[in-house]
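The values are calculated or read from the model by the stated rules, or taken from the named source; none is laboratory data. Nothing here was measured: the structure is a model prediction, and the numbers come from that model. In this analysis, Cβ positions are derived from the backbone assuming ideal geometry, glycine residues included, and neighbour counts consider all displayed protein chains. Heads up: the accessible areas ignore ligands, DNA and RNA and are worked out on the full protein's heavy atoms, side chains in. Shrake-Rupley method; radii C 1.70, N 1.55, O 1.52, S 1.80 Å.
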Amino acid sequence: MNLRNEQRQHIETLIRLSEGQAKHLDGCREVIRRSWERCVGEYRLDPGRPRPVRVLTQQALKEHREPVDELLHVARAGVDQLFAQIAPLGYVLLLTDRRGITVDFRGQPGQDPALRKAGLYLGADWDERYAGTCAVGTCVHDAQAITCHQSEHFDATHISLTCTAAPIADPQGNVIAVLDISALQSPRSHESQNFGLSLVSLYARMIEDAYFLHRYRDCLILRFDTAREFVHLNGRGLIAIEEDGSVIAANGEGRSLLDAHLRRWPAWTPGWVPSATQLFEAELGDLLSIPATRDDQIRAFRVRANDSTCFVTLIEPRSRRLAPRVVPPSPTPVPALDRLASDDPAMHRVLKLARRLRNETVSVLITGETGTGKEVLARALHDSGSRADGPFVAVNCAAIPESLIESELFGYLPGAFTGGRSKGMRGLIQQADGGTLFLDEIGDMPLPLQTRLLRVLAEREVMPLGAEKAVRVDLRVITATHRDMSELIANGRFREDLYYRLNGAQLRLPALRDRADRHYVIRSVYEALVAERDSDVRLRADAMSALLAYAWPGNIRQLRNALDFALATVEGEEITVHDLPEECQGGLAIAPQVIDATPQPACADDDDAQALHALLQETGWNVSLVARRLGVSRPTVYRRMRRHGLVPPNRREARCWPE
Ligand SMILES: Nc1ncnc2c1ncn2[C@@H]1O[C@H](COP(=O)(O)OP(=O)(O)OP(=O)(O)O)[C@@H](O)[C@H]1O
């Protein structure tokens with residue numbers, strides 16, 4: 001079919017549309033159908049009378065260029081770069097103003113007359129009201145990127161063209177220009193233009209951002225992204241702020257963040273916008289000091305609107321850069337705590353509170369998934385506080401058999417019970433006198449002992465078994481759990497009054513997969529292991545990438561085990577991705593799978609019991625090996641065994657549990 005026939009059919013289709021027979025538009029995209037309806041209904045364009053291309057006079061063009069002169073200047077480099085990519089594919093490039101007038105153009109000199117005839121030329125008017133449905137005009141109307149492919153154009157003159165356009169918005173979100181690539185000929189399928197749509201959208205955004213940075217070059221600008229590596233290069237969000245943190249303007253991504261914030265916390269007065277310290281969980285000093293605080297001049301903050309983490313840098317105006325910088329004093333170093341994290345907002349919060357609590361006697365409850373480092377944090381709190389010279393006694397309530405926990409904790413006098421040591425025993429609580437008692441897995445503490453523990457905490461006295469007189473103790477209690485304490489309380493398995501006494505302050509450790517400083521954690525765990533082994537094996541970048549991408553259901557413990565395994569089995573001088581345990585090699589393909597010790601429905605419980613039993617048999621009841629395979633602690637394995645009634649063959653008679 002030649003173009004004339006095609007044009008005739010196209011005109012007939014549109015005439016039927018204008019006569020209200022819309023059913024003939026089956027298969028037409030919604031965005032095109034709406035534009036065609038505007039053309040016939042609103043603009044009164046006659047599909048039967050194709051219009052000649054309208055090109056403005058030099059004088060009229062000059063008048064359209066003037067208001068966007070600054071934008072044209074900023075956009076030039078982007079326009080040239082995009083054109084260099086599309087020219088070999090037969091495309092030309094148009095930059096139009098908000099009315100659809102082509103104010104800048106790049107094309108093939110050889111095709112000059114053909115381009116001019118098709119309207120692909122400087123000064124051509126692509127307003128939907130005149131030219132009908134087309135990429136530029138419809139993009140201006142809908143304020144979104146669009147491809148208008150061949151017969152999707154309204155005017156029959158244009159149905160051989162393929163055009164793809166993306167809007168460029170000003171900092172208020174209004175379309176100020178449109179970037180378009182067009183070709184005189186193209187393949188039939190609409191999909192052939194999908195790649196072009198992404199490319200044009202990308203360049204439109206880059207030009208928009210370059211214009212934003214130019215307009216607010218005298219202001220402080222926060223640039224942010226969800227990936228640390230992209231912040232300087234192509235950070236998607238831009239927010240211009242005053243020295244007091246109040247927001248002046250934002251680009252598209254920045255406005256999305258503001259919108260999300262205002263959806264969660266609606267404005268009190270119309271037009272009110274939150275300040276940057278409300279958008280991010282940060283104090284003004286944290287934001288203003290970003291350039292001085294870290295080598296890469298990027299800091300991670302929590303986004304309050306959606307509780308996600310984003311990486312932020314601060315772009316300072318040149319005038320400010322020359323002025324002496326006011327950097328808020330950094331907190332006094334506390335090495336034991338400082339080394340637990342690098343740049344993660346949740347860890348910042350935990351460590352900030354931990355620094356304040358380290359010299360207090362207030363009880364601290366540490367929560368977090370298994371293996372997140374609760375015991376390591378408890379130890380660091382102890383080591384960094386005034387009790388550092390005293391003992392640190394760690395007790396795992398899940399690992400000690402219920403029958404022994406009381407005597408272990410409270411101690412006993414000689415002859416207090418059959419089977420006890422003849423000299424009696426100083427309980428763990430007494431052993432912690434002058435220091436810290438760390439009760440891990442506190443949710444597993446049997447109810448009767450909870451009552452006794454409550455008394456110790458209230459009266460600061462301990463009564464060993466068989467004793468008649470209480471002994472005074474001076475200790476700080478830190479507890480930890482990965483369980484949902486409110487659920488245990490609701491089910492009557494944990495005393496509420498004890499919970500409140502233990503929970504003087506709560507430190508919640510994030511899961512490894514959620515930490516923005518995963519790279520730092522992997523490095524420090526690796527360096528510690530290498531030092532322990534006195535090895536100089538390196539960790540290659542592909543292994544690091546796989547470790548960064550993995551979901552770590554067993555958190556830092558699983559990470560440590562994975563690296564330990566790699567170091568133990570590696571043959572060469574460096575660990576590659578293939579040296580890692582199999583489950584860590586697949587990267588992001590593995591979905592997060594949180595190990596949860598809360599009671600599960602019976603059938604899931606049965607499955608869990610069977611799987612655990614099989615693994616125990618396979619490993620010859622080697623609990624350490626099973627724990628390593630599952631990425632959980634040994635106490636967790638023991639607890640699960642106890643829950644399912646799984647007893648090692650050699651202990652079936654004694655029913656006694658090792659630590
Ligand atoms: N910041 C860290 N740097 C290096 N290693 C760490 C860090 N945090 C934890 N680990 C290591 O990870 C493992 C688990 O840590 P820890 O026992 O403190 O976790 P946990 O949360 O108490 O575990 P669970 O809930 O099973 O009791 C340990 O081998 C510990 O040495």
Between Gln278 and Glu461, the two model label points (7 Å from Cα along the beta-carbon direction) sit apart by a distance in nm of 5.4
With every protein chain kept in place and a 1.4 Å probe, the range 512-589 has an accessible area per residue in Å² of 49
Karplus-derived 3J(HN,Hα) from phi for the range 478-490 (6.51 cos²θ - 1.76 cosθ + 1.60, θ = phi - 60°), whole Hz, x at Gly and Pro, runs 10, 10, 9, 7, 10, 9, 7, 5, 5, 5, 4, 5, 4
Ordering 467-476, 359-368 by per-residue average of other C-beta atoms within 10 angstrom, highest first, gives 359-368, 467-476
Ala84 and Thr619 label points (each 7 Å along its Cα→Cβ direction) are spaced in nm at 5.7
Taking the dipole of the range 337-508 about the Cα centre (Lys, Arg +1; Asp, Glu -1; charges at Cβ), the one of Pro345, Gln431, Ile478 that reaches farthest to the positive side is Gln431
Along principal axes, largest first, the alpha-carbon spread of the range 444-510 in whole Å comes out as 42, 24, 16
Counting only DSSP loop positions in the range 370-458, the chymotrypsin sites (Phe, Trp or Tyr not before Pro) whose Cβ has at most 15 other Cβ atoms within 10 Å are Phe417
SASA check, Trp265, accessible area w/ 1.4 Å probe, all protein chains in place, rounded to nearest 10 Å², comes out at 110
Between Gln610 and Arg76, the two model label points (7 Å from Cα along the beta-carbon direction) sit apart by a distance in nm of 7.3
Among the DSSP H helices of the chain, those whose Cα atoms extend at least 20 Å along the helix axis and whose mean Kyte-Doolittle hydropathy is 0.0 or higher are 69-86, 194-215, 555-569
Quick shape check on the range 33-206: root eigenvalues a ≥ b ≥ c of the Cα gyration tensor, a/c under 1.5 is rounded, otherwise prolate if a/b tops b/c, else oblate, and it reads rounded
The percentage of the accessible area of the chain (probe 1.4 Å, all protein chains present) made up of carbon and sulfur atoms, to the nearest whole number, is 50
Among trypsin sites (Lys or Arg not before Pro) in the range 1-73, those in a DSSP loop whose Cβ has at most 12 other Cβ atoms within 10 Å are Arg44
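If you take the Cα atoms of the range 493-549, find Rg, then find the Kirkwood Rh from the mean of 1/r over all pairs, what is Rg/Rh?
That ratio is 1.25, to two decimals.
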In the range 220-326, the GluC sites (Glu not before Pro) that sit in a DSSP loop and have at most 12 other Cβ atoms within 10 Å of their own Cβ are Glu242, Glu243, Glu283
Given unit charges at Cβ for Lys, Arg (+) and Asp, Glu (-), the dipole magnitude of the chain about its Cα centre in debye, nearest 20, is 700
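Arrange the peptides 500-511, 448-459 so that the one whose residues have, on average, the most other Cβ atoms within 10 Å appears first.
Order by mean packing, descending: 500-511, 448-459.
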Taking a ≥ b ≥ c as the square roots of the eigenvalues of the Cα gyration tensor, with a/c under 1.5 meaning rounded and otherwise prolate when a/b exceeds b/c and oblate if not, the range 129-196 is oblate
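Among 131-141, 211-221, what's the highest-first ranking by average C-beta atoms within 10 angstrom per residue?
Going by the mean number of other Cβ atoms within 10 Å, highest first, we get 131-141, 211-221.
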